[in-house]
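The values are calculated or read from the model by the stated rules, or taken from the named source; none is laboratory data. Computed from a predicted structure; not experimentally measured. All Cβ positions, glycine included, derive from the backbone under ideal geometry; neighbour counts span all protein chains shown.
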Amino acid sequence: MLNGAFAVFKREMKIMLRYPSWFIPMLIWPVIFPLGYLFTAKALSGTGNTSLAQFQNFAGTTDYTTYMLIGTTIWMWINSMLWTFGSSLRVEQVRGTLESNWLCPIPKVSLLIGYSLFQILISFVFIVVSVLEFKIFFNFEFIGNPLLAFLIIIVSIPAVYGLGFVFASLVMWAKEANSMVFMVRGIMTIFCGITYPLEVLPNWMRNISEFIPMTHSINALRRVISSGAVLVDIKREIYILIISGAILMTLGMIAFNYTQNKVKETGTLGHY
Amino acid sequence: MVKNYLLAIWAIIKKDAKIFFRYPVNAIFRIFEPIIWIAPVYFLALSFQINGENIGFHEYTGTTDFMAFIVIGSIVGGFVSAVLWGMGFSLKSEMDAGVIESNWLTPIPLWVQLIGRSIFSLIITSLNVLMTGFLVWLLFGFNIGNRILEALITLIPMLIALYGLGFGIAALVLITNNANNIIDISNFLLNILSGESFPITVLPRGIMFISLALPLTYGYDAIRGILLGSNTLLPLNIERWILIGFMILGVFIGYRILVRTEKHCKTMGNIGFH
């Protein structure tokens, strides 16, 4: 299984390096993506920051820049993961290579594990680049322990990639990656408080937010990075992330196995 | 010749419609997609409201109706995206599906094919816009006054000018064989710099200088000025003339770039490389 996963990892690396322009978006997106929200927040604050106190009442800080940068970085990580999982299988369907890959005598889940390894590496580089750029362009201050922030990201991995496995199965069913990516990341944007405090949401929406692991990743990261929280302060979030990671990974494996059996039975694996 | 071009455009529209409705999830989702983009900005605005009013926003724009400001930005931005993605990405899809060479072998010029690809995208965007406007009005409420026809007349030269930009983006895709990043970044930057979701007066001076050099900025600004009565950067008539100038120059320059790139790709023989 690991050999298969490693082969997929190597192939993805080869494809990425074949298009040397890949590093340009990696440098550009962390800086330009939050700009829309940051300038909107500036406009909403007013020329004399008249409305900023109101934001502080909800968010507990007037530093909306750091607040939003943390949210948008996690959003970009999830977005990139969704595109990797959604478009990889879909592109293979379009290119007609999915069936030949499926005929390999390896567990099919190793394809997803290979994509995950590739995606984790890229995301790690992306997050490091983002933090460096935030320091340069936005004067990003790290008040808490960076290692604790790193731990939160590590603990979030099973939940994020478990969601990716479920997502890959959904794309195989719906045979449409774009709209599925838009839908899942849209739900995240609305419910996880990427750019605004969840306190402004109606109660029923806040209840839904509680069930999305990324809400807790973002909360924990904000508390560590902006307020200097220590491990004890964020233990609730860490537990939630570990439990939801185990649940989502299991669900992801079940969904993928079920879907691959279904598409083999119906003979629709390569349909698009 | 014109009749043949129109027939080709019609054939491309029919093909795109067929592909679009072949994926019903996609078709349904496209209708609701703008809500997903607008809802977070609505909640962001809520977190700054004092007694239900965006007082701070009024200081910059002269209006407290942030939702109307955003909806207009999102509608105009939707058309910008439709042209850029409709033209640029279509080439990449054809490369991936291995049909670009056969399409180029037909006696229809590339620019006509690209226009054909953008039209279905524009039709869907127009439906989207109507649906978005209605849903956002229902969910969040806003008021855009009654000068809609005047706003539409202002939008037309801007839309035509975008075709020039679309030709340029398509040329870039042909040279780099990498559509997603090019279109995504250009589209995003254009929307940010021309003030899709905020008044450009909040931008730092250096960036505002670039914004003021972009004709699209005046498109967003003029349409908001007409519909919301918000403060405009220049008098409305001057903004309209800028858009007309942009239309003539943009289409001419974009067309020239595309023709030269097409010739280059045919000479090098790298049309279908990806």
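Restricting A:Ile225, A:Ile143, A:Ile190 to those that are in a loop (DSSP other than H, G, I, E, B) and farther than 21 Å from A:Gln119 by Cβ reduces the list to A:Ile143. Within the option set B:Leu189, B:Leu155, being of a type in the set (A, V, I, L, M), surrounded by fewer than 20 Cβ atoms within 10 Å (Cβ to Cβ) and touching a residue at least 12 places away in the same chain (Cβ under 8 Å) holds for one residue only, B:Leu155. Taking B:Ile226, is it part of a helix (DSSP H, G or I), within 30 Å of A:Pro30 (Cα to Cα) and under 20 Å from the mean Cα position of the chain (by Cα)? Judged against the criteria, B:Ile226 is not a match.
Conditions tested, residue by residue: (1) out of contact with any His (no Cβ under 8 Å at 6 or more places or on another chain); (2) more than 14 Å from chain A (Cβ to nearest Cβ); (3) surrounded by fewer than 19 Cβ atoms within 10 Å (Cβ to Cβ).
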residue: B:Lys14; (1), (2), (3): yes, yes, yes
residue: B:Glu53; (1), (2), (3): yes, no, yes
residue: B:Gly56; (1), (2), (3): yes, no, no
residue: B:Gly62; (1), (2), (3): yes, no, yes
residue: B:Ser74; (1), (2), (3): yes, no, no
residue: B:Phe79; (1), (2), (3): yes, yes, no
residue: B:Met87; (1), (2), (3): yes, yes, no
residue: B:Val99; (1), (2), (3): yes, no, yes
residue: B:Trp111; (1), (2), (3): yes, yes, no
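Of the residues examined, B:Tyr163 is not one that is within 14 Å of chain A (Cβ to nearest Cβ), closer than 20 Å to B:Ile248 by Cα and part of a helix (DSSP H, G or I).
Within the set A:Val200, A:Val171, A:Val166, the sole residue that is under 16 Å from A:Thr84 (Cα atoms), of a type outside the set (Asp, Glu) and within 14 Å of another protein chain (Cβ to nearest Cβ) turns out to be A:Val171. How about region A:200-240: which of its residues are loosely packed, with under 14 Cβ neighbours inside 10 Å, in contact (Cβ under 8 Å) with a residue 40 or more places away in the chain and under 20 Å from A:Met68 (Cα atoms)? The answer is A:Ser227, A:Gly228. Is it the case that B:Leu44 is in a helix (DSSP H, G or I) and at pLDDT 85 or above? The answer is yes for B:Leu44. Here the condition is being assigned to a helix (DSSP H, G or I), among the β-branched types (Val, Ile, Thr) and touching a residue at least 24 places away in the same chain (Cβ under 8 Å); of B:Ile13, B:Ile19, it holds for B:Ile13 alone.
Yes/no per residue for (1) assigned to a helix (DSSP H, G or I); (2) under 26 Å from B:Ile38 (Cβ atoms); (3) of a type in the set (A, V, I, L, M):
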site: A:Ile194; (1), (2), (3): no, yes, yes
site: A:Ile208; (1), (2), (3): yes, yes, yes
site: A:Ala220; (1), (2), (3): yes, no, yes
site: A:Glu265; (1), (2), (3): yes, no, no
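Taking (1) within 13 Å of another protein chain (Cβ to nearest Cβ); (2) more than 14 Å from the chain's Cα centre (by Cα); (3) over 30 Å from A:Ser100 (Cα atoms); (4) not aromatic (Phe, Trp, Tyr) in turn, A:Ile240 satisfies each apart from (1). If you take the residues in region A:78-96 that are closer than 17 Å to A:Gly267 by Cβ, within 12 Å of another protein chain (Cβ to nearest Cβ) and out of contact with any Phe, Trp or Tyr (no Cβ under 6 Å at 6 or more places or on another chain), which one is surrounded by the fewest Cβ atoms within 10 Å (Cβ to Cβ)? Here the residue is A:Gly96. Could you tell me whether any residue of region A:26-35 is more than 22 Å from A:Ile153 (Cα to Cα), modelled with pLDDT of 90 or more, touching a strand residue (DSSP E or B) at 6+ places or on another chain (Cβ under 9 Å) and not acidic (Asp, Glu)? Checked against the condition, which is being more than 22 Å from A:Ile153 (Cα to Cα), modelled with pLDDT of 90 or more, touching a strand residue (DSSP E or B) at 6+ places or on another chain (Cβ under 9 Å) and not acidic (Asp, Glu), region A:26-35 yields no hits at all. The set of residues in region B:33-51 being more than 9 Å from chain A (Cβ to nearest Cβ) and not β-branched (Val, Ile, Thr) consists of B:Pro34, B:Tyr42, B:Asn51.
Restricting to region A:1-59, and then to whatever is within 11 Å of another protein chain (Cβ to nearest Cβ), more than 19 Å from the chain's Cα centre (by Cα) and under 16 Å from A:Val129 (Cβ atoms), can you tell me which residue is surrounded by the fewest Cβ atoms within 10 Å (Cβ to Cβ)? Once the filter is applied, the top-ranked residue is A:Ser21.
Which ones in region B:123-150 are crowded, with 20+ Cβ neighbours inside 10 Å and either of a type in the set (A, V, I, L, M) or more than 14 Å from chain A (Cβ to nearest Cβ) (or both)? Of everything in region B:123-150, those that are crowded, with 20+ Cβ neighbours inside 10 Å and either of a type in the set (A, V, I, L, M) or more than 14 Å from chain A (Cβ to nearest Cβ) (or both) turn out to be B:Thr125, B:Val136, B:Ile144. When B:Ile238 is tested against (1) more than 14 Å from chain A (Cβ to nearest Cβ); (2) among the β-branched types (Val, Ile, Thr); (3) buried (at least 17 other Cβ atoms within 10 Å of the Cβ), just one condition goes unmet, and that condition is (3).
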